[in-house]
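Comments concern the structure below.
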Amino acid sequence: MKSIILLLTAIPLIFLAACSDPEIAPTAPQARVSVHEPGWTSTLHGNVLAAKQYDASECRQCHGNQLDGGISAVSCKSCHASFPHPATGWVVGANSHIAFLRNNAYNLQSCQGCHGQNYDEVKINNSCSTCHTKPGGPEACNTCHGNSDDDPAVLTNVAPPRGLNGETAATTPAVGAHQAHLAYYPSTALASTCQQCHALPQNFAAAGHIDPDGNAELLFNGDLAKLATEGGARVPNVSYNAANNTCAGTYCHGNWGLLKSPKYDFIYIADKMEGASATPNWTDAASAACETCHKLPPTGHHPFDPPDCATCHIGVIDVNGNIIDDAKHVNGKVNVFLEEYPMF
């Protein structure tokens, strides 16, 4: 009997000696105990949730009611920032997915975690493409700015109005003269018109497209805004003042000089004609009215009344002084007597 008692007493001591030496302190953190199977964080947990119609009540037992840690201290939202979506107000409103994405630098990766790379995987009863039906889905250019109801392949639908924050008035910087510029060049490739001021991103994830300040960068790398004239001696130094919304130094708005031409020297009263180098206000259409970019006629041009412009600039302007072909008005070329040649 004594031997049995001694054996039972010794068993716990044997286990303790086998597990650790009480004189040696642990030197490494203990591994976290996981209740999930291997592969759980890749695709497995998504399949399990799908089978449960995305009922995450079991997840909340460990990860908390808001799935942001709980007793597990592991937040589901470190990967799934907006899951689960609120039952109301997610489509539109102050707490909608639009506001969520805006506040999170338009990071669509959290959407792709559940809705797939093409955003078309159905969750519960719909997918992102239920509403985002245009080519590109949520990544279509006019999802965030422009007219979201029409074809995003047409750049007039991509340019504001609507701004990123829903602006629609031309008196706001987000909208300003976008449509006025696009409408002015109906026969010019719209992409090249946009590139006069911006770097046109090739896709949603293009470098420089999304940044923290939410403002579009003005680069003025186009061949029209910086067109060199006066035989190459006048090269526009274009700038935009965000404080007062003014654009300065562009060829488009009068920073040009046209050297005296031997062929048409009778029309000059100086060695060159010049524009007025206007500084139009992006949010004030009146600041770019006729005669703001060059006088009528331009400085250095023989004096004429505006109705007489149509005598030489046939097909560009009518006898009432109205531009009848925008593509021949500000295009980097001289249009006179039905001839067209580059500015020099």
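Specify which residue in the list Cys247, His301, His313 is farthest towards the positive end of the charge dipole of the range 239-342, using unit charges on the beta carbon of Lys, Arg (+1) and Asp, Glu (-1), about the Cα centre. Value computed over the given set: Cys247.
From helices alone, the chain scores -5000 deg cm²/dmol at 222 nm; the rule is -39500 (n - 2.57) for each run of n ≥ 4 DSSP H residues, then divide by the residue total. Its alpha carbons give the range 69-220 an Rg and a Dmax of 17.3, 64 Å. Diffusion coefficient of the range 86-168 by Stokes-Einstein, Kirkwood radius over Cα pairs, 4 °C, 1.567 mPa s: 97 µm²/s.
Each Lys or Arg adds one and each Asp or Glu takes one away; over the other residues whose Cβ falls under 15 Å from the Cβ of Ser148, this sums to -2.
Per the Cα gyration tensor, the range 239-342 maps to an equivalent ellipsoid with semi-axes of 25, 16, 12 Å, ordered largest to smallest. Please state the shape class of the range 152-232: rounded when a/c is under 1.5, otherwise prolate if a/b exceeds b/c and oblate if not, all from the C-alpha gyration tensor. Judged from the Cα gyration tensor, the range 152-232 comes out prolate (a/c at least 1.5, a/b above b/c).
For the chain, the longest principal axis of the alpha carbon atoms and the long axis of helix 2-19 meet at an angle near 20°. Modelled spin-label separation between Trp40 and Thr171, with each label point placed 7 Å from Cα along the Cα-to-Cβ direction: 5.8 nm. Computed from point charges on the beta carbon alone (+1 for Lys and Arg, -1 for Asp and Glu), the dipole magnitude for the range 239-342 about its Cα centre is near 280 Debye.
Every pair of different Cα atoms in the chain enters the Kirkwood calculation, which places the hydrodynamic radius at 26.0 Å. Backbone amide hydrogens, once placed in the peptide plane, bring Arg234 within less than 5 Å of Thr229, excluding anything fewer than 5 places away on its chain. The average projected area of the range 252-298, computed from the convex hull of its Cα atoms over all directions, is 3.4 nm².
For trypsin sites (Lys or Arg not before Pro), the sites in the range 259-344 that DSSP calls loop and that have at most 12 other Cβ atoms within 10 Å are Lys263.
Residues Phe337, Phe100, ranked from the fewest to the most other C-beta atoms within 10 Å, line up as Phe337, Phe100. For the residues Ala278, Ala228, Ala270, a GNM of the chain with alpha-carbon springs under 10 Å puts the largest fluctuation on Ala270.
The length gained on full extension between Leu259 and His85, counted as 0.36 nm times the residue separation minus their Cα-Cα distance, comes to 56.1 nm.
Each value in this text was obtained by applying a stated rule to the coordinates, not by laboratory testing. This one's a predicted model, so the numbers in the text were calculated from it and none came from an experiment. Counting neighbours? That spans all protein chains shown, and the Cβs are built from the backbone with ideal geometry, glycine included.
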